[in-house]
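Structure first, then comments.
The values are calculated or read from the model by the stated rules, or taken from the named source; none is laboratory data. This one's a predicted model, so the numbers in the text were calculated from it and none came from an experiment. Every residue, glycine among them, receives a Cβ derived from its backbone with ideal geometry; neighbour counts consider all protein chains shown.
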């Protein structure tokens, strides 16, 4: 089995990934800022500083064959300075990739984002062949990090996930789940904008494919559940999981957008009410077999949070 370093091991994706890798028999070194007893005993837990300061990557890479780099600023927001995104997402990744090349790492799997390719809304279906057009500091830092990985000369696989959901999710999707949990009618009955989502387990399965398949080296992949859903369908599925009827009022989305702008929530509404569909076909051709029923997964997720 492989000796793997996972950075960002305590995060929403990292914690589940490390546990799966260890249970599959891999030798895992989990790098995290605040070590905790949350992993199987076979996992080697290493405390690291945050990435706002240079890190001695070579020590972490000793006796490692593969790196899964998850650490970084995970969410876009106006409260975070562009320099912080650049330092943590771009420069730290560049330093890691350089150290990985120097120490002979066999593969660096870098967790980028669909935001390296697009803003929160896209009028066309996103594919890897499209020219990247990030629209904010977060997306620009992720795209620059991708370029640094490619330039380092280390064997790599780059993953660009869309919005990931699962137990413990934070950010916009967590707020949407809270809204769906309420018994109130919601003005989302006419929100037919389609959005690609990604189950956390499907993302972890994509990492397994990248680890197992030599053909993924040197490639960049969009990662998304196969079937996008409308916002109406997303909220309906969550309410089904809570055992509730949808109770969605037929309010025109343009009126919701107007209200969101009035309350300073225009960008937040874009991330939910705008169109963003990403095509995962390239990764599926490489052997990835995601669970196909996003709607059922969302309902199951809501049921677990209700209990």
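Values computed for the structure shown
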{"item": "Out of 78, 35, 40, 54, sole residue that is over 18 Å from residue 150 (Cβ atoms), modelled with pLDDT under 95 and touching a strand residue (DSSP E or B) at 6+ places or on another chain (Cβ under 6 Å)", "result": "35"}
{"item": "Residue in segment 168-176 that is within 18 Å of residue 242 (Cβ to Cβ) and not in a helix (DSSP H, G or I) present", "result": "yes"}
{"item": "Residue within segment 82-91 that is closer than 27 Å to residue 221 by Cβ, at pLDDT 95 or above and in contact with a helix residue (DSSP H, G or I) (Cβ under 6 Å, 6 or more places away or on another chain) present", "result": "yes"}
{"item": "Some residue of segment 18-36 being within 16 Å of the chain's Cα centre (by Cα) and either buried (at least 16 other Cβ atoms within 10 Å of the Cβ) or over 17 Å from residue 142 (Cβ atoms) (or both)", "result": "yes"}
{"item": "Filter result for the condition that a residue is within 23 Å of the chain's Cα centre (by Cα), in contact (Cβ under 8 Å) with a residue 24 or more places away in the chain and more than 23 Å from residue 199 (Cα to Cα), over 2, 52, 7", "result": "52"}
{"item": "Per-region count, segment 231-262, residues surrounded by 15 or more Cβ atoms within 10 Å (Cβ to Cβ) and at positive phi", "result": "1"}
{"item": "Matching entry among 183, 161, 226 (being surrounded by fewer than 23 Cβ atoms within 10 Å (Cβ to Cβ) and at pLDDT 95 or above)", "result": "226"}
{"item": "Enumeration of residues in segment 45-76 that are loosely packed, with under 15 Cβ neighbours inside 10 Å, within 18 Å of residue 15 (Cβ to Cβ) and touching a helix residue (DSSP H, G or I) at 6+ places or on another chain (Cβ under 6 Å)", "result": "75"}
{"item": "Residue check for residue 166: over 21 Å from residue 225 (Cα atoms) and touching a strand residue (DSSP E or B) at 6+ places or on another chain (Cβ under 7 Å)", "result": "no"}
{"item": "Matching option when the condition is touching a strand residue (DSSP E or B) at 6+ places or on another chain (Cβ under 6 Å) and either under 28 Å from residue 268 (Cβ atoms) or in the same structural domain as residue 120 (by TED's automatic domain parsing) (or both), among 93, 66", "result": "66"}
{"item": "Which numbered condition residue 193 fails, given (1) under 20 Å from residue 259 (Cα atoms); (2) modelled with pLDDT under 95; (3) more than 13 Å from the chain's Cα centre (by Cα)", "result": "(2)"}
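Residue-by-condition table, conditions (1) modelled with pLDDT under 95; (2) outside any helix (DSSP H, G or I); (3) more than 16 Å from residue 202 (Cβ to Cβ):
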{"position": "236", "(1), (2), (3)": "no, no, yes"}
{"position": "244", "(1), (2), (3)": "yes, yes, yes"}
{"position": "258", "(1), (2), (3)": "yes, no, yes"}
{"position": "283", "(1), (2), (3)": "no, no, no"}
{"position": "297", "(1), (2), (3)": "no, no, no"}
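Condition check ((1) surrounded by 17 or more Cβ atoms within 10 Å (Cβ to Cβ); (2) under 23 Å from residue 267 (Cβ atoms); (3) modelled with pLDDT of 95 or more; (4) out of contact with any helix residue (DSSP H, G or I) (no Cβ under 9 Å at 6 or more places or on another chain)) across all residues:
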{"site": "102", "(1), (2), (3), (4)": "no, no, yes, no"}
{"site": "108", "(1), (2), (3), (4)": "yes, no, yes, no"}
{"site": "115", "(1), (2), (3), (4)": "yes, yes, yes, no"}
{"site": "120", "(1), (2), (3), (4)": "yes, yes, no, no"}
{"site": "126", "(1), (2), (3), (4)": "yes, yes, yes, no"}
{"site": "132", "(1), (2), (3), (4)": "yes, yes, yes, no"}
{"site": "137", "(1), (2), (3), (4)": "yes, yes, no, no"}
{"site": "145", "(1), (2), (3), (4)": "yes, yes, yes, no"}
{"site": "151", "(1), (2), (3), (4)": "no, no, yes, no"}
